Amino acid sequence: MTTQELAPATSTRKSATTTLSTGQSGVSEPPSTRGKTSIADVVVVKIAGMAAREIPGVHDMGGGLSRTLGAVRDRVPGGRPNVGRGVKVEVGERQAAIDVDLVVEYGVPITDVARDVRENVIAAVERITGLEVVEVNVAVNDVHLPGDDEPGSPSEPRVE
């Protein structure tokens with residue numbers, strides 16, 4: 001990589017990966033150092049997404065359009081939920097920066113949720129990947145109100 005401490009993970013790369021250790025080769029080397037370890041950016045995205053969703057008060061993640069597309073994808077038979085929705089990362093050789101878009105439950109203190117998300121994401125990414133997380137930016141895009149998801153509770157029809 002370059003001399004930059006933090007190189008952005010751009011969409012022009014087909015599969016962005018970060019090499020954590022270059023390793024050595026040869027039978028005289030210890031087994032734990034034979035070979036290299038690399039982590040794809042999508043791995044960091046998924047870890048951060050799972051860690052953010054673990055926090056009480058987080059209802060959903062992503063902006064309006066990505067949530068809409070995600071809801072459609074979740075309803076398709078065989079579709080899987082996208083745990084990385086609402087997460088963007090920049091991964092360098094040793095460090096990562098993470099942006100998280102949240103929808104919080106109505107009534108929860110947003111600053112507390114943001115703090116807890118930040119702490120949990122940093123702990124999970126650093127523990128699992130060994131990368132140093134330099135920042136986690138949290139953007140709250142919406143508030144989930146009670147009754148928003150209740151299908152079958154239509155209002156009284158205005159016409160017959």
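The values are calculated or read from the model by the stated rules, or taken from the named source; none is laboratory data. Everything numeric here is computed off the predicted structure, so don't read it as measured data. Using ideal geometry, Cβ is built from the backbone for each residue, glycine included, and neighbour counts are taken over all protein chains shown. Ligands, DNA and RNA are stripped out before the accessible areas are found, and what is left, the full protein with its side chains, is counted by its heavy atoms. Shrake-Rupley method; radii C 1.70, N 1.55, O 1.52, S 1.80 Å.
For region 17-60, residues that are part of a helix (DSSP H, G or I) and over 30 Å from GLY86 (Cβ atoms) total 3. Checked against (1) more than 14 Å from the chain's Cα centre (by Cα); (2) at pLDDT below 95; (3) among the small types (Gly, Ala, Ser); (4) open to solvent by 20 Å² or more (accessible area, probe 1.4 Å), SER66 meets all criteria but (1). Counting only residues that are open to solvent by 90 Å² or more (accessible area, probe 1.4 Å), assigned to a loop (DSSP other than H, G, I, E, B) and more than 21 Å from VAL58 (Cα to Cα), which one in region 109-160 is modelled with the highest pLDDT? Among those residues, the one meeting the criterion is VAL159.
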